[in-house]
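Written below as structure tokens is the structure these notes are about.
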Amino acid sequence: MIFNPKEYPLTQLKEWFSKEQEPPFRAVQLFEWLYKHQVMEYAQMTNLPLELREHLEEVAPLFWPAVVRKQVSANDGTHKLLLELIDGNLIETVFIPHDYGNSVCVSSQVGCALGCSFCATGITGFIRNLTVAEMVDQVLAFQTKISSVVLMGMGEPMLNLDRVLTFLEILHDPRGLNIGYRHITISTSGIPRGIRQLAETGLPITLAISLHAPNDDIRSKLMPINHKYPIATVLEAADYYAQLTGRRYTLEYALIGELNDSVYLARDLARLLSGRLCHVNLIPLNPVAENNFKRSAAKKIEDFMIVLESAGIPVTLRREMGSDIDAACGQLRSRAQHSLVTKE
């Protein structure tokens, strides 16, 4: 049976090496080669004996996704990669440079089942969950030091949470990428059981929830999942997370012209969030060709923000990155798949 070393945290990697009659420190060496040094071939792992490297090539070959397309923003250096997995499926990952370090936006699924009306990812529906290794590969694809990771790419992380948590354990290990849990963000459309499970791990991870409306009527039009998990249920789980962890959660709010951006809705949002340990991240909409939504006017965004600030709700306006490339989640994959269909 083929063993993929990128599927497992160091503790389990040590167990596998023991079964192979190898000392545990060999697992540490391999782990450091993969993550600290980001070496992609056993042949380059020179402190492993040649015989062991040859054995690993046979029983634990290293597979890497192919880069199908690459976009680089001339404005801010954001990189977006379209990766082809071993089964031919396509996923996106994004590298975002900041003054304080580099961040990677990771996908957790191929496609998405939730069908949010403003999102390009869900247009082709859900195909499958990503493996731990396929999430790891997205971070390693950029071959550079990464200081933070956000699971805000394709898919719903809470519907692949067990693998996501294993992935985060690998990211966090000081013998590997050594990324602090406080520098990791999980974004969800609002899956209460996943939010509660995350809270009960005790990990100081940042939780971000896609809200996008202060009432169920508008949110259900934007996010069908709201029919199953309405706002009150989602916020109850979010408050449980805040209670257990002592950490505030983020509510993502994409401002869509003439739909959810009025000062009246801003006041409703302020009342809804009053007294909660949270903050609001306002996001100017990234328009997607497949729908008719438009970005809110700059004055509307400013007025919406002022209402929240005046009510004492912590609020930030997300800085736009990669605006000159296919920045919206799922856009590059969608364009590539459309191109392939057209050619056929």
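The values are calculated or read from the model by the stated rules, or taken from the named source; none is laboratory data. Everything numeric in this text was worked out from a predicted model, so none of it was measured. Note that we place each Cβ from the backbone using ideal geometry, even for glycine, and neighbour counts take in every protein chain shown. To get the accessible areas, we keep the full protein, side chains included, count just its heavy atoms, and leave off ligands, DNA and RNA. Shrake-Rupley method; radii C 1.70, N 1.55, O 1.52, S 1.80 Å.
Some observations on this one:
- Entry note, the chain: the mean residue ellipticity at 222 nm calculated from DSSP H runs of n ≥ 4, each adding -39500 (n - 2.57), is -10500 deg cm²/dmol after division by the residues and rounding to the nearest 500.
- Beta bridges by DSSP in segment 75-197, antiparallel share as percent, to the nearest 5: 70
- Partner lysines for residue 300 [C-alpha distance under 27 Å; skip if fewer than 8 residues away on the same chain]: 221
- Placing unit charges on the Cβ atoms only, positive for Lys and Arg and negative for Asp and Glu, gives segment 38-106 a dipole magnitude near 320 debye about its Cα centre.
- Cα-based shape type of segment 1-118, given that a ≥ b ≥ c are square roots of the gyration tensor eigenvalues and the cut on a/c is 1.5: prolate
- When all protein chains stay in place and ligands, DNA and RNA are ignored, the 1.4 Å accessible-area order of 279, 37, largest first, is 37, 279.
- Between segment 75-137 and segment 207-243, the alpha-carbon center distance in angstrom: 23
- Charge dipole (the chain, unit charges on Cβ, about Cα centre) - positive-most of 231, 304, 199: 304
- Remark on residue 93: its backbone amide H falls under 5 Å from those of 81, 83, a criterion applied only to residues 5 or more positions apart or on other chains, H modelled at 1.01 Å from N.
- Values (1) 29.9; (2) 21.8; (3) 18.5 are given for comparison; mean projected area of the Cα convex hull in nm², derived from the coordinates here, is the one labelled (3).
- Counting only residues at least eight positions apart within a chain, or on another chain, the lysines with an alpha carbon under 19 Å from that of residue 6 are 14, 19, 36, 145.
- Note on residue 215 and residue 84: the extension gain reaches 43.3 nm, defined as 0.36 nm multiplied by sequence separation minus the Cα-Cα distance.
- Principal-axis tilt of helix 231-245 within the chain, Cα atoms, nearest 10 degrees: 50
- Cleavage-rule hits (chymotrypsin sites (Phe, Trp or Tyr not before Pro)) in segment 67-134: DSSP loop, at most 16 neighbouring Cβ within 10 angstrom: 100
- Helix 263-273 and the longest principal axis of the Cα set of the chain meet at an angle near 60°.
- 99, 268, 137, reordered so the largest accessible area comes first (probe 1.4 Å): 99, 268, 137
- Size of charge dipole - segment 1-138 - debye, nearest 20, with Cβ of Lys, Arg +1 and Asp, Glu -1, no other charges: 320
- Placing unit charges on the Cβ atoms of the charged side chains and taking the dipole of the chain about its Cα centre, the candidate lying farthest along the positive direction among 287, 131, 61 is 287.
- For segment 84-152, DSSP calls about 75 percent of its internal beta bridges antiparallel.
- Rounded to 5, percent antiparallel among DSSP beta bridges of the chain: 50
- Extending 7 Å from Cα along the Cβ direction at residue 99 and again at residue 197 yields two label points whose distance is 3.9 nm.
- Spin-label model, residue 59 to residue 306: label points 7 Å out along the Cα-to-beta-carbon direction sit 6.8 nm apart.
- Tilt relative to the chain, helix 161-172 - C-alpha long axis, 0 to 90 degrees, to 10: 70
- Taking each residue as 0.36 nm, the span from residue 70 to residue 142 lengthens on full extension beyond its C-alpha to C-alpha distance by 24.8 nm.
- Relative contact order [Cα under 8 Å, 6+ residues apart], segment 189-244, whole percent: 54
- Local net charge near residue 128, Cβ-Cβ under 11 Å (Lys/Arg +1, Asp/Glu -1): -2
- Largest accessible area first, the residues 55, 183 order themselves as 183, 55 under a 1.4 Å probe with ligands, DNA and RNA left out.
- Neighbourhood charge, 14 Å Cβ-Cβ cut-off, centred on residue 141 and excluding it, Lys, Arg +1 and Asp, Glu -1: +1
- Mean accessible surface per residue for the chain, computed with a 1.4 Å probe while every protein chain stays in place, in Å²: 45
- The chain - percent relative contact order, Cα under 8 Å, separation 6 or more: 15
- Fully extending the segment from residue 4 to residue 248, taken as 0.36 nm per residue of separation minus the present Cα-Cα distance, adds 84.2 nm.
- Measuring nothing but how far apart in sequence close Cα pairs (under 8 Å, 6+ apart) lie, relative to its length, segment 128-193 scores a relative contact order of 41 percent.
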